[in-house]
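Shown next, in structure tokens, is the structure this report addresses.
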Amino acid sequence: MGKAHTITVVLFAASLLLLACTAAPQAPVSAPIPTPTPASEAAETPSRAETAKTVTPPQTSNPEPGNQSDPYNQSASEDAEFVFKEFTRLPFDIENVSAVSPVGGFGGSQVRNNPRLGRPYGTERHFIWHKTPGTAYNVYAPASTYIVSVRKSSGIGDYGLNFRMYGESQFRLDHIHRLDAELKSKIDTQLGGWEETSPFIPLPVPIPVKAGDILGQTGIKDNSVNWDWLVEDHTQHEGVTYPEHYWSPIFAYSRSVYELCTEEVKRQLETLSGYPNQPQKGLPILGQFGSDVAGTLSGTWFNSYTNDPEWGPRIAVFRPYFLDSGQIEIKLAIPELDLYGVWVISPERSGYQPNPWQVTADSGIAYYLLESPNSLEQGEYGLLMAQVTADGSIRLETHRDSFNPEEYPAFSGNELTLTR
């Protein structure tokens, strides 16, 4: 792939495709990540204590009594016992799960190992990994609330349930292989023939569940490795500068599952955080919804918002690595650059590779060495040059198979311009 002339991105609204991705990322295959170099600057990543937030659901106006047309809000005829407050238990028994990823690692973009078609989600979507695929285990309601919509995935044949939270928010448990018989009967009574439906179908009358109720079983299918737990909260988009530029309105912005858990459930999640056989190192960046940090290199940058059929939106991502928050994760998915891939690198190596959240318009050109041992997948390798501009955009240029920053004191004129 050759280099291109400077490109100025034209902003336009993101696609409103309501496509929910059901494929989960595979665990990274890479050399062991080096021990992180602690950052000492004042602008370093916030600690858990600094970023902890008190969950106070916003007040919302309820529909008229008995009106179930708004699945988000509670009708006056419904029981206050089922008003969502927080996650008081895990939706599984710990002995049946090998890992949960990510936990508190929300970064403004879900970076998959394959850089192409790495859709930029602005949500923290937890993948719950089966300890023994092919063995059934229970799925529980993690909070007392109402089931407001359901689906049975076309082709895959598993189930998804959406639950009311507050305002324009809900949480989801997806890829349940078998529903509890009593729950399925209640849904069948309302919907009749609802089998094989990809979009979620609203329930005419939401179904109450208590925390700990068995919803069904998962893990049954030999070819299934994990399932999903996520929050959709359209009232929250801190850290994502322009949520409308992300994959879809459903996945545009959200709160963290971790943030909405009791302290006991948080501790349980922390023990599972990571990939199977690859636990998380260091504290995750908890309470910070996105990695877009105004005036810095940190976050998700777009060369195009268009959903290209081969590449998806053309993006670059700079963020802390969720498995080791002392490391930097960089993704390049722009065919006009002569490097693409996903890398995890140590900050401040040989005087280069500054933490992205410390790179500003006053920093000049930042250099990053994207080498094979640090790659999360088979990509290309070389030198990345990045600069934050005074107008809030960034400039990027890459040099394949070159790893000496001193050979490139300035951009060549073939750099690309990216915006939020």
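The values are calculated or read from the model by the stated rules, or taken from the named source; none is laboratory data. The shown structure was predicted, so the numbers you read here are calculated from the model rather than taken from an experiment. Please note: Cβ atoms are built from the backbone with ideal geometry, for glycine as well, and neighbour counts cover all protein chains shown.
Quick look at the values:
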{"read-out": "Residues of the range 110-152 satisfying the condition of being in a loop (DSSP other than H, G, I, E, B), touching a Phe, Trp or Tyr at 6+ places or on another chain (Cβ under 6 Å) and modelled with pLDDT under 85", "value": "110, 115, 116, 119, 120, 121, 122, 123, 124"}
{"read-out": "Boolean, residue 171 is in contact with a Pro (Cβ under 9 Å, 6 or more places away or on another chain), at pLDDT 95 or above, closer than 21 Å to residue 83 by Cα and outside any loop (DSSP other than H, G, I, E, B)", "value": "no"}
{"read-out": "Within the range 386-420, considering residues that are among the basic types (Lys, Arg) and assigned to a strand (DSSP E or B), the one modelled with the lowest pLDDT", "value": "400"}
{"read-out": "Odd one out for residue 386, checked against (1) closer than 19 Å to residue 328 by Cα; (2) in contact with an Asp or Glu (Cβ under 6 Å, 6 or more places away or on another chain)", "value": "(2)"}
{"read-out": "Residue identified as within 24 Å of the chain's Cα centre (by Cα), more than 19 Å from residue 88 (Cβ to Cβ) and among the small types (Gly, Ala, Ser) among 192, 134, 155, 160", "value": "160"}
{"read-out": "Tally, over the range 350-362, of residues that are in contact (Cβ under 8 Å) with a residue 60 or more places away in the chain and not hydrophobic (A, V, I, L, M, F, W, C)", "value": "4"}
{"read-out": "Test: residue 281 is modelled with pLDDT under 85 and charged (D, E, K, R)", "value": "yes"}
{"read-out": "Residue 232 modelled with pLDDT under 95 and part of a loop (DSSP other than H, G, I, E, B)", "value": "no"}
{"read-out": "Matching entry among 384, 370, 416 (being farther than 21 Å from residue 320 by Cα, buried (at least 22 other Cβ atoms within 10 Å of the Cβ) and either out of contact with any His (no Cβ under 7 Å at 6 or more places or on another chain) or touching a residue at least 40 places away in the same chain (Cβ under 8 Å) (or both))", "value": "416"}
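For every residue, the table says whether it meets (1) surrounded by fewer than 22 Cβ atoms within 10 Å (Cβ to Cβ); (2) closer than 30 Å to residue 273 by Cα.
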{"site": "308", "(1), (2)": "yes, no"}
{"site": "311", "(1), (2)": "yes, yes"}
{"site": "319", "(1), (2)": "no, yes"}
{"site": "337", "(1), (2)": "no, no"}
{"site": "351", "(1), (2)": "yes, no"}
{"site": "397", "(1), (2)": "no, no"}
{"site": "404", "(1), (2)": "yes, no"}
